[in-house]
Amino acid sequence: MQLLTMDLDTFSQASLLGFAALTAYILTLLPTNLIIVFPITKKTGCPQWLLKYRRLIGLLSFFLAVLHGFIFFKKRNFDLFDIKTYFVYFQGVATFIIFSLLAITSNDWSVKRLKKNWKKLQRLTYLAMFLVTWHILDKMAYHWTYLTPVGIAAITAIIVLFLCRLLIQRQSRSQKNQPKESKVTVENKSVG
């Protein structure tokens with residue numbers, strides 16, 4: 001009942017914005033992971049819709065994260081010249097830097113200009129996924145709202161999906177390499 005009785009003061013607004021940013025961010029991670037882990041989802045159209053609007057949703061996530069950070073920045077009077085600030089808020093600052101890079105390069109011009117490097121840069125989103133999880137667990141420790149476990153469960157689910165995706169892709173690559181090796185050994189046996 002804490003969330004229902006909370007005043008929408010600066011802290012809770014920032015938390016709500018953070019949760020909204022997390023939700024939008026998870027929506028950007030979902031389509032590729034769903035298609036690879038659950039290929040049947042291609043037929044639903046949901047992953048295709050999310051893929052179509054992924055850049056827009058990602059920019060929305062970035063905008064919400066900026067507002068989330070700005071409210072906390074304003075509320076807590078951070079000292080930008082104190083190195084301790086960056087140690088205490090390392091996860092948030094690192095995630096913000098990654099999100100900024102992703103947002104700046106989320107356009108067709110960047111795709112054309114960066115070519116193969118664009119995809120490599122966009123893969124930073126998976127590092128951000130782990131940093132966001134660390135950020136939530138660290139900053140929300142001892143003062144959870146009802147949104148905190150929902151956020152943690154959602155980001156954990158997407159991490160599990162991502163790890164399943166990696167496993168499936170690894171198995172797929174090893175299966176593609178395996179037939180070539182089998183053919184070679186079969187041919188060598190028939191020659192002798």
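The values are calculated or read from the model by the stated rules, or taken from the named source; none is laboratory data. Quantities reported herein were computed from a predicted structural model and do not represent experimental measurements. Using ideal geometry, Cβ is built from the backbone for each residue, glycine included, and neighbour counts are taken over all protein chains shown.
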Considering only residues of segment 97-109 that are assigned to a helix (DSSP H, G or I) and surrounded by fewer than 17 Cβ atoms within 10 Å (Cβ to Cβ), which is farthest from the chain's Cα centre (by Cα)?
TRP109
Scan segment 116-133 and report the pairs whose first residue is under 16 Å from ASN33 (Cα atoms) and of a type in the set (S, T, N, Q) and whose second residue is modelled with pLDDT of 90 or more and surrounded by 14 or more Cβ atoms within 10 Å (Cβ to Cβ), with Cβ atoms within less than 8 Å and a gap of 6+ or a chain change.
GLN122/LEU102; GLN122/THR105; THR125/THR28; THR125/LEU29; THR125/ILE98; THR125/LEU102
Take the conditions of a type in the set (Val, Ile, Thr), surrounded by 14 or more Cβ atoms within 10 Å (Cβ to Cβ) and either under 19 Å from the mean Cα position of the chain (by Cα) or closer than 18 Å to ARG55 by Cα (or both) and apply them to ILE152. Does it pass?
yes
Test result for ILE159, β-branched (Val, Ile, Thr), surrounded by 15 or more Cβ atoms within 10 Å (Cβ to Cβ), free of Cβ contacts under 8 Å to residues at least 40 places away in the same chain and farther than 15 Å from ALA21 by Cα:
yes
Among the residues of segment 66-85, which ones are closer than 23 Å to PHE130 by Cβ and modelled with pLDDT under 80?
THR85
